[in-house]
Amino acid sequence: MPVAPELLDRFRADLFTLRPQLKAGADKLGIALSGGGDSLALLLLAKGALPGRVEAATVDHQLREGSAEEAELASRYCAQIDVPHRILKVKVPGGNLQSQARAARYRVLAAWCEERGLSGLATAHQLDDQAETFFMRLNRGSGLGGLASIRALSNVPETSISLVRPLLAWKREELARIVKTSGWEAIQDPSNSNTDFDRVRMRENLARCDWIDLDALGRSAQHLAAADAIIRDLIHREFSDHVNFDGEEARYSIQQNGAAASLIQGGVIRSIFGLFGLQVNQRVGSGLAANLSRELKTNIGGLQAEVRNRGGETVWTFRRENTRRTS
C-alpha cells in the first residue's frame with residue numbers, strides 16, 4: 001500500500017527540516033500510533049520515507065471497553081507493512097483525565113524509545129489540531145508562548161528525548177485520504193465527539209467558520225514560536241548575566257530593558273523561583289516585576305521579594321518567606 005511519491009517527498013521535506021540527522025544514517029524514529037486517522041497516515045508516510053527505520057507503539061490507557069482490541073488492530077496494521085510494534089498498557093490516575101492520560105502516555109512512550117534506542121518520537125498533531133489549540137489558548141488569554149501553540153520540535157516532557165511533529169502543515173482531510181487509499185479503517189475514539197471536552201467544542205465551532213485560513217494560521221503559529229524562542233534566549237542571557245544565588249538569597253541586578261522590561265524581568269523572576277524549587281507562571285512573574293519596579297515589597301508563591309540599593313545599583317532580592325507562627 002505505497003503512498004504517492006509526491007506526498008512522500010513533501011513529508012520527507014517536513015521531517016528532515018526538523019530532524020536533518022534522519023536524512024542520512026541509521027537512526028530510527030518512533031511513531032506514537034493511536035490507530036486514529038492522523039497517526040495511521042503518519043505511520044504510512046514515515047514507513048515510506050524511512051524504510052526499515054521506523055517502529056511504532058500504541059498506548060492502551062484501559063479507560064474504556066474495546067481499547068485492547070483497538071490496540072491489537074493497530075498492531076495488525078503494523079504487521080501488514082512490516083513495522084515493529086509494541087502495545088504499552090498504562091493505568092491513568094484520577095483528576096483531570098485528559099491531562100493525566102497525556103502524562104502517562106508520554107511516560108511510557110519515552111521509556112519505550114529509550115529501550116529500543118530510537119532517536120526520537122513522532123506524533124501526528126496536524127494543522128487542524130494547531131488551529132484548535134491556538135483559539136483555545138487565545139480564549140484563555142495566553143501569552144506569546146501559549147499562542148505559539150503546538151511546537152514542531154521539542155522534547156518528550158521531563159526527558160531529553162526529541163519529540164517531533166512533522167504533520168503540522170498537513171490538514172486532517174489530507175491525512176484521511178492517505179488512510180482511505182491504503183484500505184485501512186481508522187479507529188474512532190468516542191471522546192472525539194464528547195462535548196464535555198473543550199477541544200471538541202472548539203473543533204465543532206471551527207468547523208462552522210469557513211473564513212479561517214488554516215495555512216495562514218499555521219504560519220502565524222510558527223512566527224510566534226520563533227519570537228518566543230528569541231525572548232527565551234534574552235531571558236536566559238539576562239538571568240545568566242545579572243542573577244547571583246548563594247543558596248539562600250537570589251540577587252537580581254536590574255538593567256534597563258525599555259518597553260520589554262516587564263516581559264524579560266518576569267521571565268527572569270520565573271527562573272529565580274526555579275532556583276528555590278518553586279514555580280510561577282508568566283503572569284505572576286510579570287506582576288511581581290511591576291511591584292518591584294514600584295519598590296513594593298511582596299510575598300508571593302513562597303518567596304519574599306524586595307528592592308535594595310547598593311552603591312547606586314538597584315538590586316531585587318529574593319528569599320524564602322519566614323515561617324509563619326500559628327500559635
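Some observations on this one:
- Using the rule -39500 (n - 2.57) for each DSSP H run of four or more residues, divided by the residues of the chain, the 222 nm mean residue ellipticity is -15500 deg cm²/dmol.
- Computed about its Cα centre, the charge dipole of segment 1-90 is approximately 340 debye, with only Lys, Arg, Asp and Glu carrying charge at their Cβ.
- Acute angle (nearest 10 degrees) that the helix 37-49 long axis makes with the longest principal axis of the chain, alpha-carbon atoms: 80
- Whole-angstrom gap from segment 167-209 to segment 11-71, using each part's C-alpha centre: 17
- Candidates LEU8, ALA26, TYR106 compared by Cα position along the dipole of the chain: farthest toward the positive end lies TYR106, with charges placed on Cβ.
- Here's how it looks for ARG320: its modeled amide H is under 5 Å from those of GLN304, which are all 5 or more places away or on a different chain.
- Think of segment 200-261 as a dipole: +1 on every Lys or Arg Cβ, -1 on every Asp or Glu Cβ, centred on the Cα centre; then among ALA229, PHE245, ALA261, ALA229 lies furthest on the positive end.
- Within the chain: Cβ-based charge dipole about Cα centre, in debye rounded to nearest 20 (Lys, Arg +1; Asp, Glu -1): 680
- Using the Karplus relation 6.51 cos²θ - 1.76 cosθ + 1.60 with θ = phi - 60°, the per-residue 3J(HN,Hα) values for segment 228-245 come to 4, 5, 5, 5, 4, 5, 4, 5, 4, 5, 4, 5, 5, 7, 10, 10, 10, 9 Hz, with x marking Gly and Pro.
- Normalised per residue, the accessible area of the chain is 54 Å², obtained with a 1.4 Å probe and no contribution from ligands, DNA or RNA.
- Counted by Cβ distance under 13 Å from ALA305, the other residues give a net charge of +3, where Lys and Arg count +1 and Asp and Glu count -1.
- Taken over the chain, lysine pairs spaced eight or more positions apart, or on distinct chains, with alpha carbons under 27 Å apart number 10.
- Amide H contacts of GLY120: GLY30, each under 5 Å away and 5 or more positions distant or on a separate chain (H built 1.01 Å from N in the peptide plane; Pro and chain starts excluded).
- In the chain, taking the dipole from charged Cβ atoms about the Cα centre, the farthest positive-side position among ILE212, LEU153, GLY302 is held by GLY302.
- Shown here for segment 1-81: chymotrypsin sites (Phe, Trp or Tyr not before Pro) in loop regions (DSSP other than H, G, I, E, B) with at most 14 other Cβ atoms within 10 Å, of which there are none.
- Calculated P(r) tail over 37 Å for the chain, as whole % of Cα pairs: 30
- Folded to 0 to 90 degrees: helix 127-139 orientation relative to the chain principal axis, Cα: 30
- Across segment 148-158, coupling constants 3J(HN,Hα) worked out from phi with the 6.51/-1.76/1.60 Karplus curve, θ = phi - 60°, read 5, 6, 7, 7, 5, 9, 7, 10, 4, x, 6 Hz, and Gly and Pro carry x.
- For ARG86, residues with placed amide H under 5 Å, excluding near neighbours: ALA56, ALA57, THR58
- Under the combined filter of DSSP loop state and at most 13 neighbouring Cβ atoms within 10 Å, segment 228-327 retains none of its chymotrypsin sites (Phe, Trp or Tyr not before Pro).
- The charge dipole of segment 92-195, taken about its Cα centre with unit charges on the Cβ atoms of Lys, Arg (+1), Asp and Glu (-1) only, comes to about 160 debye.
- The three principal axes of the C-alpha atoms in segment 223-311 carry coordinate ranges of 37, 29, 22 Å, sorted with the longest axis first.
The values are calculated or read from the model by the stated rules, or taken from the named source; none is laboratory data. These numbers were taken from a predicted model, which means no experiment stands behind them. Counting neighbours? That spans all protein chains shown, and the Cβs are built from the backbone with ideal geometry, glycine included. Each accessible area value is taken on the protein alone, full model and side chains, heavy atoms only, with ligands, DNA and RNA left out. Shrake-Rupley method; radii C 1.70, N 1.55, O 1.52, S 1.80 Å.
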